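The structure appears below as structure tokens.
What follows draws every value from the coordinates through simple rules; no lab data is involved. None of the values given here were measured: they were computed from a predicted structure. Note that we place each Cβ from the backbone using ideal geometry, even for glycine, and neighbour counts take in every protein chain shown.
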Amino acid sequence: MNVAFVLFPNVTQLDLMGPLQVLSRLPDSTTHVVAGSREPVPTDCGVAIVPTASFDEVTDVDLLCVPGGYGVVDALADPALMDFVRDRGRRADWVTSVCTGAFVLGVAGLLTGKRATTHWAYRELLRDFGAEPVDERVVRDGGVVTGGGVTAGIDFALSIAREIFGDDLVASIQLAIEYDPAPPLNAGSPKTAPASVLESTRAAFARRIDAFGGEVRERLKARS
């Protein structure tokens, strides 16, 4: 099984590393972290990641995963990256994303008619790609699996591993990485965050969502 993670500048590091830590433990599999070249790629938190392969070196992909982050808009303007996602995604058994990586799948035409999710603040924008936004942490529609924002990538990866390999392996991985989250506050979702926190966070995201939505729609038009 070939698993390929797409890497681009200003990716959200945990979007990539959370599911990478899980899916790299799948048996009889090879994991690739793929970018335009093998040069180090900066993430959103200042740490660079060295790709294991370039786009043209990974021709066969069984499971494709696109993380999100501030760099998504620029990634949409990268012809080599988009060609890789479009081509490998159409041929893969599993096409997946974490957070705003869903918009790369959307512009590539891989979410049309699919139920999908992304970071809660951007979820409704999925309609622009013919997808049905779903208010869930992990959403599967056939071979398309999408995860919510950032930390949802771990749940997302465990869910995919369970679909492919069953409960025993996933329980073993979960225990091995001691994934037993116990946050100090129950504020990780719009459903549970205090109203004042939700309001202020929505306000902080508002301008970013408008700008992001405009850029993504332009990329969608360019594709058409």
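With the Cα gyration tensor of the stretch 147-224 giving a ≥ b ≥ c as the square roots of its eigenvalues, does the rule (a/c under 1.5 for rounded; else a/b larger than b/c for prolate; else oblate) give rounded, prolate or oblate? Note, shape of the stretch 147-224 comes out oblate. R0 = 41 Å: FRET efficiency of residue 204 with residue 168, Cβ-based, nearest 0.05? It comes out at approximately 0.45. Per-residue ellipticity at 222 nm computed for the chain from its helices equals -12500 deg cm²/dmol, with DSSP H segments shorter than 4 residues left out and the rest contributing -39,500 (n - 2.57).
Taking the stretch 50-65 and a reference point 7 angstrom along Cα→Cβ of residue 93, the backbone N atoms nearer than 15 Å belong to 60-65. Within the listed set 145, 134, 85, the Gaussian network model of the chain (springs between alpha-carbon atoms below 10 Å) gives the highest mean-square fluctuation for 134. Around the amide H of residue 145, modelled in the peptide plane, lie the amide H atoms of 95, 96, 97, all under 5 Å away and 5 or more residues distant in sequence or on another chain. Within the chain, helices built from complete DSSP H runs that reach 27 Å or longer along their own axis (Cα positions) and carry a mean Kyte-Doolittle hydropathy of -1.0 or higher are 195-223. Before anything else, pin down the relative contact order of the chain: Cα pairs under 8 Å, at least 6 apart, normalised by residue count, whole percent. Reported relative contact order: 18 percent.
Look at where the Cα atoms of the stretch 156-224 and of the stretch 1-67 average out, and the two centres are 18 Å apart. Measuring r between the beta carbons of residue 195 and residue 127 and using R0 = 30 Å, the FRET efficiency lands at 0.70.
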